[in-house]
Amino acid sequence: MKKEAQVAILAKLISINSVNGNEAQVADFIKSLFQPYGKRVQIDRVPFAPGRDNLVVTIGEGDRTLGFCGHEDVVATDNPDQWTSDPFVATIRNGRLYGRGASDMKSGLAAMLVMMLEMLATDTIPGRIRLFATIGEETGEYGAAQLTKAGYADDLAGLIIGEPTNGLSEVGYTAKGVIDYSVTAIGKQAHSSQPESGINAVDQLVDFASQVRPLMASFNQVNPILGKLTHVQSVFQGGQQVNSVPAKAVIKGNIRTIPEYPNQVIFDALNQLVDRLNQQPQHQLKLQFSYPEEAMPGSKDSALVKLIGKVHEELLASPVRPTGQTSASDGSEFLHAKGKFDIALIGPGNDSKHQTDEYVDLTAFYQASRFYQQLAQAFFA
């Protein structure tokens with residue numbers, strides 16, 4: 001496929017505003033690319049909610065299935081006026097293609113599409129290859145969770161996720177998990193001149209905030225690749241006006257877990273803290289978790305990571321660096337599939353993900369589709 005055609009696929013993906021939703025239009029476009037190949041392609045559309053569709057595309061035949069995964073959604077552009085160009089119009093400057101999702105991870109998804117389309121066009125499919133185009137990765141990996149529960153990943157022999165890994169120079173084989181939590185405090189409103197007539201919801205959360213920090217710090221084991229468990233109290237909302245005792249307040253936090261501390265250990269610790277606080281007078285706290293993901297264990301010596309290293313050396317004449325990922329990915333959900341298979345993260349994106357003027361180096365993008373093709377050929381060899 002000519003470079004212009006490859007860029008056109010990426011540009012079209014970027015033009016679809018799939019910020020935390022609207023992924024159905026991405027699914028429509030991907031489906032249109034494969035429809036000309038008729039029965040040579042199996043296309044499964046898996047709706048999650050109105051306007052939000054996963055797509056599973058399978059080509060080739062064989063006893064083993066190699067999976068590729070790219071998510072359809074992107075994060076919001078909080079200040080589009082600060083962008084040098086329209087975030088939803090792919091713009092090329094100095095060898096870079098700019099646009100929301102260019103790095104995370106529509107360039108990886110586009111490279112996988114190019115790989116499969118070229119294999120179909122040249123009749124060089126080495127085995128059964130399955131693409132997962134998922135919804136909702138940026139807000140909880142619930143597209144991957146839905147596909148996993150439906151059994152689409154049960155027969156995989158390996159899975160490549162096209163998350164940005166510094167322009168293909170790194171391969172992620174392990175990743176931190178994530179726990180988002182919120183604690184809501186319910187009090188009683190009163191005039192600030194008579195605080196004894198009310199119950200201060202903010203005071204309750206101050207108690208929680210002051211105790212949760214040392215609690216999370218006590219989980220101090222260090223993973224040799226991923227480092228420590230991290231905890232950030234990121235949102236605090238409470239009260240309505242300065243001369244009233246606040247009747248409601250909310251605090252939210254984000255925890256990045258490591259394999260040494262399964263999520264259930266953290267759940268138990270936070271629940272015990274809230275239960276203990278609620279035993280105090282005038283405390284009414286409610287704890288909720290949203291879209292928790294387990295840490296993804298792995299080994300740099302796995303067969304898939306070693307194969308990636310071999311192909312990388314052959315194609316790009318440079319070693320690839322095995323590394324851990326501090327952010328979660330769809331891999332945390334695909335871990336729950338019935339089969340046992342290795343997962344690796346490698347894609348053309350870079351550290352401009354989620355930033356203003358997000359971009360991908362076009363050289364890395366072109367290399368990615370070639371790399372994925374050669375990796376698939378070697379996997380089935």
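The values are calculated or read from the model by the stated rules, or taken from the named source; none is laboratory data. Small disclaimer: the values here were computed from a predicted structure and weren't measured. Virtual Cβ from ideal backbone geometry, glycine too; neighbours counted across all protein chains shown. For the accessible areas, the whole protein counts, side chains as well, though only heavy atoms, and no ligand, DNA or RNA atoms are used. Shrake-Rupley method; radii C 1.70, N 1.55, O 1.52, S 1.80 Å.
Quick check, is Lys340 free of Cβ contacts under 8 Å to residues at least 60 places away in the same chain, in a loop (DSSP other than H, G, I, E, B) and either out of contact with any Gly (no Cβ under 8 Å at 6 or more places or on another chain) or of a type in the set (Val, Ile, Thr) (or both)?
Yes; evaluated as a whole, the condition is true for this residue.
For region 343-378, name all the residues that are closer than 16 Å to Ile160 by Cβ and either part of a loop (DSSP other than H, G, I, E, B) or in contact with a Cys (Cβ under 6 Å, 6 or more places away or on another chain) (or both).
Ile346, Gly347, Pro348, Gly349
If I ask for residues that are in a loop (DSSP other than H, G, I, E, B) and either without any contact (Cβ under 8 Å) to a residue 60 or more places away in the chain or of a type outside the set (Asp, Glu) (or both), which ones from region 64-85 would you list?
The answer is Arg64, Val75, Ala76, Thr77, Asp78, Asn79, Trp83, Thr84, Ser85.
Every residue in region 224-269 that is surrounded by 14 or more Cβ atoms within 10 Å (Cβ to Cβ), under 21 Å from the mean Cα position of the chain (by Cα) and assigned to a strand (DSSP E or B), please.
Matches in region 224-269: Lys228, Thr230, His231, Gln233, Lys252, Gly253, Asn254, Ile255, Arg256, Thr257.
If you check Ile186 against the conditions, is it β-branched (Val, Ile, Thr) and touching a Lys or Arg at 6+ places or on another chain (Cβ under 7 Å)?
So Ile186 fits the description; yes.
Just a yes or no: is a residue in region 139-147 modelled with pLDDT under 95, crowded, with 24+ Cβ neighbours inside 10 Å and of a type outside the set (Lys, Arg)?
Yes: one or more hits.
Determine which member of the set Ala364, Ala368 is open to solvent by less than 40 Å² (accessible area, probe 1.4 Å), more than 30 Å from Ala150 (Cα to Cα) and touching a residue at least 40 places away in the same chain (Cβ under 8 Å).
Exactly one of Ala364, Ala368 is open to solvent by less than 40 Å² (accessible area, probe 1.4 Å), more than 30 Å from Ala150 (Cα to Cα) and touching a residue at least 40 places away in the same chain (Cβ under 8 Å), namely Ala364.
Here is a yes/no grid of residues against (1) of a type outside the set (Ser, Thr, Tyr); (2) within 18 Å of Leu10 (Cβ to Cβ); (3) touching a Ser or Thr at 6+ places or on another chain (Cβ under 6 Å):
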| site | (1), (2), (3) |
| --- | --- |
| Trp83 | yes, yes, yes |
| Asn94 | yes, yes, no |
| Gly101 | yes, yes, no |
| Val114 | yes, yes, yes |
| Asp123 | yes, no, no |
| Pro126 | yes, no, no |
| Ala133 | yes, yes, no |
| Gly136 | yes, no, no |
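Under the condition of being touching a residue at least 24 places away in the same chain (Cβ under 8 Å) and in a helix (DSSP H, G or I), which residue from region 210-223 is surrounded by the most Cβ atoms within 10 Å (Cβ to Cβ)?
In this case the residue turns out to be Val212.
Inspect all residues belonging to region 98-106 and state whether any of them is part of a helix (DSSP H, G or I), within 25 Å of Ile129 (Cα to Cα) and without any contact (Cβ under 8 Å) to a residue 12 or more places away in the chain.
no
Is it true that Gln42 is assigned to a helix (DSSP H, G or I) and either buried (at least 19 other Cβ atoms within 10 Å of the Cβ) or out of contact with any Pro (no Cβ under 7 Å at 6 or more places or on another chain) (or both)?
Against the criterion (assigned to a helix (DSSP H, G or I) and either buried (at least 19 other Cβ atoms within 10 Å of the Cβ) or out of contact with any Pro (no Cβ under 7 Å at 6 or more places or on another chain) (or both)), Gln42 does not qualify.
Give the residues of region 1-31 that are more than 17 Å from the chain's Cα centre (by Cα), assigned to a loop (DSSP other than H, G, I, E, B) and either of a type in the set (A, V, I, L, M, F, W, C) or at pLDDT below 95 (or both), sorted by residue number.
Listed by number, the residues that qualify are Met1, Ile16.
Just one of (1) closer than 28 Å to Asp155 by Cβ; (2) under 19 Å from the mean Cα position of the chain (by Cα); (3) open to solvent by 10 Å² or more (accessible area, probe 1.4 Å) trips up Asn350, so point out which.
(1)
Cβ-Cβ below 6 Å, separation at least six or inter-chain, first residue in region 39-60 and in contact (Cβ under 8 Å) with a residue 60 or more places away in the chain, second open to solvent by less than 80 Å² (accessible area, probe 1.4 Å) and of a type in the set (S, T, N, Q): which pairs?
Val46/Asn54; Phe48/Gln146; Asn54/Thr134
Could you tell me which of the residues Ala49, Ala76 is modelled with pLDDT of 95 or more and either farther than 17 Å from Gly162 by Cα or of a type outside the set (Phe, Trp, Tyr) (or both)?
Just one listed residue meets the conditions, Ala49.
May I ask you to verify whether Gly95 is at positive phi, surrounded by fewer than 22 Cβ atoms within 10 Å (Cβ to Cβ), at pLDDT below 95 and not charged (D, E, K, R)?
no
Got a sec? Which of Phe88, Phe34 is outside any strand (DSSP E or B), of a type in the set (Phe, Trp, Tyr) and open to solvent by 10 Å² or more (accessible area, probe 1.4 Å)?
Exactly one residue qualifies, and that residue is Phe88.
List the strands (runs of 3 or more DSSP E) that sit entirely inside region 144-207 and contain at least 1 residues that are in contact (Cβ under 8 Å) with a residue 60 or more places away in the chain and under 30 Å from Gly238 (Cα atoms).
Those strands (runs of 3 or more DSSP E) span 177-186.
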